[in-house]
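Peer 1: This structure is in structure tokens; I'll ask about it shortly.
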Amino acid sequence: MLSDYNFIGIFVAVAIIFPFVALGLAWLLRPKKSNPVKTQTYECGLETIGDTWVRFRAQYYVYALVFVVFDIEAAFLFPWAVGYNKVGLWALLEAFLFLGILTVGLVYAWRKGALKWQ
Amino acid sequence: MDVINFILNLWVEIGDWFGGVLAGWGVPPWGVNLIADIIGVLILLVFGIMAVIVFTPMERKVIARMQDRPGPNRTPGYGAIQAVADAIKMLTKEDVIPRNADKILHMLAPLLVAIPALLIFAVLPWGPGSGLIGQDLNVGILFVVAISAIHVLAVIIAGWGSNNKYSLLSAFRVVNQLLAYEIPMVLSILVVVIFAETLSMQGIVENQVIPYFVVMPVTALIFLICALAEANRSPVDLIEADSEMVAGYIIEYSGMKFAMFFIAEYVNMFAVGIVFSTLFLGGWKFFGLENLAPVLTPIIVFFKAAFVIFLMLWFRATFPRIRFDHLVGFAWKFLVPLSLINLMLGAVVVKIPVDDPMMVPWVHGAIMLVANIALVIVTMIILNRTAKRVEGAPALKRIVAAER
Amino acid sequence: MNVSQVVFIILSVAALAGAAGVVLSRNLFKAALFLVLSLVGVAGFYVLLEAELLAMIQILVYVGAIAILIIFAIMLSQRLMSPEYDPRNEQWLGGLLVAIALFAALLFVLLRVDWPVSEASVPAEAISQLGQALVSPDYFLLPFEVASVLLLVALVGAVIIARER
């Protein structure tokens, strides 16, 4: 029902205002003495060596990729789960087929070492 | 008799009386709705902030008592208003922004962490009917899951906006942890949805004849572990670990922005407690008490959520921290297959035909409980066999022999 | 001018500003964040169309997974993250002309087609009916199963490409 989302809209508006109010209050109350030493980047008390860019392991990306696939699978399963009780027994087999194909994918990724943190 | 009835239905009566007053002043119906909505939003936000004020000192005192020390007791009331003292301190600290950091991104991250945590309160059920819930969306539980997904984005923005190598590195690791534990969480929610046949939060509570914690304990346990990981609580709290990444992606934050991250964490914990109690502990139901005295339902919800939070604090005080590769390995290689099998079991059990429609939840519940216990036993057997195989591995034997 | 129209205008501004930000932004990370803004605007449109399931899935999948993936991909490419990288396009004039031509074509189609508008309201049991339709051979069973095969192909492809060897 669209009118349900009136409340959500008002909630989002108020929830956005609240942290701004808190931060604004802090801005009023806090000292603002900035100096170059304070704004240095923190690196365990020493000077920064090198640029900010770090060596990015490709493994992070593989985890995110596997997550995308399973997230979309879960997105398909949500309406299935809601309507599940009202359909016959064949829905069970079809769902098993769906889940089975994706389990094969998970096992493949596992065996090929894509889930191993190197 | 009338007075008792009034008190038993207190919240509904107050709502009706207020609506009547507003209508009596000549406010049009849409105005009444708007004002009622705004007041509802403010009340829910107060509940959310109350979570911080109640649970911050509770956490420190409970963990302290578990470690046989008194905990914070300088503030009045045996340390009960410690959170207020912390808030006053945070408000007056200087906000140091690193030199080359992007100011807009630096400010955006705490907002993006705090707003979703507060937004979950819009769909949490505090009592029966449509009065004691923010808004009973048709997609209630999916709303909660989607809001949790925004938190992942906020972590990356915090890590990148700080212009700090360690901040970025920690943000990557936390994001991977959050992503890894989101799938088992969603899969275990799906099992609950299969049994409850609806996504709306009130529907899930109302359809729980037996609390789902009894029907499917494995699902509840998986959800609890994943919720712990999503909330970055110990034993999976890589950012709060001082020996890990030196406070992780929130290194460069100070003052109120730093406080925002922790406010968001406690609000999130409270929300997770209520979500867990809604899904698995029966929400605002308590063995029929909610029919006798509907006024008590918010208190029932609060105590169930407090129990779950106590469990989380207990875990924090007891378990050691888990290494990052063990963490993601546990999620992908153990929890995801386990929750997939659990989902298939749930799908099979619900389709078992029962003659008497009244006995359906009981029969399905009993069979699902038996199936869960069988799943636990089978998992233990498989884990034992795998452990024996690893212990007998030749490489490990050589290492152990060399160290002797 | 009722509430729906005001909300629609706000969401349109957000989605268009996000899209403009993606194209015009100098910093790739900020371009990805503008993309997130645009996607959230689209999710708002789904809510306005009473397709709340799609709105939530849009936020869960697009903002929660695909935007993260895009940001990771940006950070993985060291060339794109170095300070000397200049994202300005040499062929912006050709791109602008193609975009205007595409916009004109879409506008032409949108204005000329007689779109059938249904007066039916969204049923209260919409999600349940969608779930039943997904497993019913008369409706969406084949796309449902083919989607799982497609996801499997994507997963296998990603694992193969990302392997060290």
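Peer 1: Which residues among region A:72-112 fall inside the zone where the amide N is under 20 Å from a point 7 Å beyond the Cα of B:K333, along Cα→Cβ?
Peer 2: A:103-112
Peer 1: Okay, moving on. Once amide H atoms are built 1.01 Å from N in the peptide plane, which residues 5 or more positions from B:D237, or in another chain, come under 5 Å H to H?
Peer 2: Distant-sequence amide H within range of B:D237: B:I322.
Peer 1: What residues qualify as long-range amide H neighbours of B:I133, i.e. H under 5 Å apart, gap of 5 or more or another chain, H built at 1.01 Å from N?
Peer 2: Amide H neighbours of B:I133: B:W126.
Peer 1: Still on this structure: Which of rounded, prolate, oblate describes region A:56-118, given a ≥ b ≥ c as roots of the alpha-carbon gyration tensor eigenvalues and a/c under 1.5 marking rounded, otherwise prolate only if a/b is larger than b/c?
Peer 2: Values: a/c = 5.72, a/b = 2.29, b/c = 2.49.
The shape class here is oblate.
Peer 1: Measuring from centroid to centroid over Cα atoms, what is the spacing of region B:318-387 and region C:1-66 in Å?
Peer 2: 38
Peer 1: In this model, which of A:K112/C:K30; A:K32/B:K257; B:K61/B:K285 are farther than 25 Å apart at the alpha-carbon? It would help to have the intermediate numbers written out before the result.
Peer 2: Working: A:K112/C:K30 35 Å; A:K32/B:K257 15 Å; B:K61/B:K285 29 Å.
As for pairs spanning more than 25 Å Cα to Cα, those are A:K112/C:K30; B:K61/B:K285.
Peer 1: Rounded to the nearest 0.05, what FRET efficiency do C:R26 and B:D355 give with R0 = 51 Å and r taken as the Cβ-Cβ distance? Could you check?
Peer 2: Working: r = 69 Å, r/R0 = 1.36.
Here the calculated transfer efficiency is 0.15.
Peer 1: With 10 angstrom as the radius, rank A:K116, A:K32 by how many other C-beta atoms surround their C-beta, starting from the fewest. Please report the intermediate quantities before stating the final value.
Peer 2: Numbers: A:K116 15, A:K32 7.
In order of increasing Cβ crowding within 10 Å: A:K32, A:K116.
Peer 1: For C:R163 and B:I4, FRET efficiency with R0 = 60 Å and r from the beta-carbon atoms, rounded to 0.05?
Peer 2: That pair, B:I4 with C:R163, gives E of 0.25.
Peer 1: Okay, next question. Which lysines, on any chain, are close to B:K351 with Cα under 18 Å apart, when same-chain ones fewer than 8 places away are left out?
Peer 2: Leaving aside lysines fewer than 8 places away in the same chain, those within reach of B:K351 are A:K86.
Peer 1: Let me ask another. Give the shape of the protein assembly as shown as rounded, prolate or oblate, defined through the alpha-carbon gyration tensor: a ≥ b ≥ c are the square roots of its eigenvalues, a/c under 1.5 means rounded, and otherwise the shape is prolate if a/b is larger than b/c and oblate if not. Spell out each step's value before the answer.
Peer 2: On the way: a/c = 1.11, a/b = 1.08, b/c = 1.03.
Verdict is rounded for the protein assembly as shown.
Peer 1: Using a 10 Å cut-off on Cβ to Cβ distances, tally the other chain neighbours for every residue of B:182-193 and report the average as a whole number. Walk me through the numbers on the way to the answer.
Peer 2: Details: counts 7, 8, 1, 1, 8, 5, 0, 3, 7, 1, 1, 9.
Mean inter-chain Cβ contacts per residue within 10 Å come to 4.
Peer 1: Just counting partner chain Cβ atoms within 10 Å, what average do the residues of peptide B:82-94 show around their Cβ?
Peer 2: Values: counts 0, 0, 0, 0, 0, 3, 1, 0, 4, 8, 4, 4, 7.
Counting other chains' Cβ atoms within 10 Å and averaging over B:82-94 gives 2.
Peer 1: How far apart, in nm, are the 7 Å Cα→Cβ label points at B:S130 and B:T386?
Peer 2: Going from the B:S130 label point to the B:T386 one covers 4.8 nm.
Peer 1: Moving on. Points 7 angstrom from Cα along the Cβ direction at B:I299 and B:V27: gap in nanometres?
Peer 2: It works out to 2.9 nm between the two label points.
Peer 1: Using r as the Cβ-Cβ distance of B:A80 and C:Q91, and R0 as 56 Å, what FRET efficiency do you calculate, to the nearest 0.05? Before the final figure, lay out the partial values.
Peer 2: Details: r = 66 Å, r/R0 = 1.18.
E(calc), rounded to 0.05, equals 0.25.
Peer 1: Something else: As a check on your grasp of the helix formula, calculate [θ] at 222 nm for chain B: sum -39500 (n - 2.57) over DSSP H runs of n ≥ 4, divide by the residue count, round to the nearest 500. Mind showing how you got there, number by number?
Peer 2: On the way: 17 runs with 279 residues, N = 404.
Using -39500 (n - 2.57) per qualifying helix, the result is -23000 deg cm²/dmol.
Peer 1: For chain B, what does the alpha-carbon gyration tensor say about shape, rounded, prolate or oblate, given a ≥ b ≥ c as the root eigenvalues, a/c under 1.5 as rounded, and a/b over b/c as prolate? List each step's numbers first, then the result.
Peer 2: Numbers: a/c = 1.88, a/b = 1.13, b/c = 1.66.
The shape class here is oblate.
Peer 1: Once phi is turned into θ = phi - 60°, what whole-Hz ³J(HN,Hα) does the Karplus curve with 6.51, -1.76 and 1.60 give for every residue of region B:92-102, x standing for Gly and Pro?
Peer 2: Going residue by residue, I get 9, 8, 6, 9, 8, 9, x, 4, 9, 7, 7 Hz, with x marking Gly and Pro.
Peer 1: Now a separate question. Please arrange B:W30, A:W27, C:W115 by how many other C-beta atoms lie within 10 Å of their C-beta, fewest to most.
Peer 2: On the way: B:W30 10, A:W27 13, C:W115 5.
In increasing order of surrounding Cβ atoms, one gets C:W115, B:W30, A:W27.
Peer 1: Would you mind computing, in nm to one decimal, how far apart the modelled labels at B:W17 and C:A104 are, each placed 7 Å from Cα along Cα→Cβ?
Peer 2: With each label point 7 Å from Cα toward Cβ, the separation is 6.9 nm.
Peer 1: Does anything in region C:1-41 have its amide N under 19 Å from the 7 Å Cα→Cβ label point of C:L111, and if so which residues?
Peer 2: No residues fall inside that zone.
Computed from the coordinates by the stated procedures, all read-outs in this text should not be read as laboratory data. Everything quoted here is computed from the prediction, not taken from an experiment. Cβ: placed from backbone, ideal geometry, glycine included. Neighbour counts: every protein chain shown.
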